[in-house]
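The values are calculated or read from the model by the stated rules, or taken from the named source; none is laboratory data. Note that this is a predicted model, so its numbers are computed, not measured. Please note: Cβ atoms are built from the backbone with ideal geometry, for glycine as well, and neighbour counts cover all protein chains shown. Protein only, heavy atoms only, side chains kept; ligands, DNA and RNA dropped before computing areas. Shrake-Rupley method; radii C 1.70, N 1.55, O 1.52, S 1.80 Å.
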Amino acid sequence: ILEDLLQIELPRMIYTKPQILKPPRCDVLMMTPWFAPIVWEGTYNSEILNEQFQQRNDTVGLTVFAIKKYVVFLKTFLETAETYFMVGHRVNYYIFTDRPEEVPKVALKEGRNVVVLQVQNYPRWQEISMRRMEMLSYFSQQRFINEVSYLVCVDVDMKFNDQVGVEILSDLFGTLHPGFYTAERRSFTYERRPASQAYVPSDEGDFYYMGSIFGGTVMEVYKLTKKCHEAIMVDKANGIEAIWQEESHLNKYFLYHKPTKILSPEYMWDDYLGRPEILKKRRFLAVPKNHAAIRNK
Ligand code: 2GW
Ligand code: MN
């Protein structure tokens, strides 16, 4: 990746210059203490980022699980991704499902493909959610490593509502949970039982990250998903399940493997939280679901 970057030469571009004494945002944190950017509207220039990325001719993999009834979310998910996700770049959608015949046919733009990966279903929903870590690690080394540079791993009960582009890409990225970005450390819903591998003591923690969107290079996603899966299996052997399943393990992982970029809640919003002033865009939105109807067999 470093070699690729060294070969990039930008064309002449016209844009307003960065202002050292006028930061683009004064209302939000734009950088972590370990120098990872936090991505907010207004803080980056898509033209520059797109030009740099274009020259690398990389493909981005978007992974999504649609097990059992959750196939109903695929149509809107894919249609809105075609409009807003990595526009102008190469994209592979990897759809993990137990119902391949129910994957809708959606018109795709050039350079974009759907790959359906048949996987088994698990009776417990907690298991469906957690087993994503196992399947992502398996397919990362088996397949993704040969096909894409970056992976973006998301929930399917979502829709794109504004641009989500290459500004999110980095070696390892996580996303601020929209319900906790202003919260104190003690109210983060980390796993608090020392018996779990996901345990985080009350005097540690940077942010509370949401499990519904994370990613990075295939190698970093492989390491993350493998480690989380192994921790989940240790918990299982010990008869314990983390409070928020794989999201708890993800939070533990990010505490000790700091993400190199962090997405603001623009990239994971839920309208029941309203429209705070700091939120200039709602790029990726939770789709309201009828829990009773959709979740039971
Ligand atoms: C079925 C019953 C109850 C809960 C989930 C499911 C289910 C989930 C399912 O029948 N089929 C299926 O494909 N899933 C996948 O798991 C699907 O990709 C879905 O988006 C994902 C997580 O389940 P979801 O979206 O219903 O849970 P949320 O929106 O409450 O997700 C948060 O919490 C989860 C763990 O409890 C995960 O960490 C998730 O990443 C979080 O966003
Ligand atoms: Mn969800």
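Rounding to the nearest 20 debye, state how big the charge dipole of the range 202-249 is about its Cα centre with +1 on each Lys and Arg Cβ and -1 on each Asp and Glu Cβ.
On the way: 4 positive and 9 negative charges, 59 e Å.
The calculation lands at about 280 debye.
Let me test this: with uniform point scatterers at the alpha carbons of the range 127-254, what is the Debye-based log₁₀ I(q)/I(0) at q = 0.12 1/Å?
-0.46
Report the local net charge at Val200: Lys and Arg +1, Asp and Glu -1, summed over other residues whose C-beta lies under 9 Å from its C-beta.
Working: positive: Arg192, Lys252; negative: Glu191, Glu204.
In short, 0.
Of all alpha-carbon pairs in the range 77-135, indicate the percentage at a distance above 16 angstrom.
Numbers: 882 of 1711 pairs.
So the pairs more than 16 Å apart make up 52 percent of the total in the range 77-135.
Just the ratio, please: alpha-carbon radius of gyration of the chain over 2.2 N^0.38 Å, N its number of residues.
Rg over 2.2 N^0.38 Å, computed on Cα atoms: 0.99.
What does the extension gain come out to for Thr189 and Val287, with contour length at 0.36 nm per residue minus their alpha carbon separation? Display every interim value, and only then the final one.
Details: separation 98, 0.36 × 98 = 35.28 nm, distance 2.24 nm.
Result for the pair: 33.0 nm of gain on full extension.
Step through the table entries Lys69/Lys159; Lys227/Lys261; Lys109/Lys159; Lys68/Lys109; Lys223/Lys258; Lys75/Lys223, compare each Cα-Cα distance with 22 Å, and write down the pairs that go over it. Could the numbers behind the result be given before it?
On the way: Lys69/Lys159 17 Å; Lys227/Lys261 20 Å; Lys109/Lys159 18 Å; Lys68/Lys109 27 Å; Lys223/Lys258 13 Å; Lys75/Lys223 31 Å.
Check vs 22 Å cut-off fails for Lys68/Lys109; Lys75/Lys223.
So what is the relative contact order for the range 57-292, in percent, with contacts set as C-alpha pairs under 8 Å and at least six apart? Walk me through the numbers on the way to the answer.
Working: 441 pairs, mean separation 55.3, N = 236.
Relative contact order, the range 57-292: 23 percent.
Give me the 1.4 Å probe accessible area per residue for the chain, excluding ligands and nucleic acids, in Å².
On the way: 15000 Å² over 297 residues.
Roughly 51 Å² per residue, with all protein chains present.
Probe radius 1.4 Å, ligands and nucleic acids ignored: give me the carbon and sulfur share of the accessible area of the chain as a rounded percent. If you can, show how the numbers build up before the last one.
Working: 7870 of 15000 Å².
For the chain, the apolar C and S fraction of the accessible surface comes to 52 percent.
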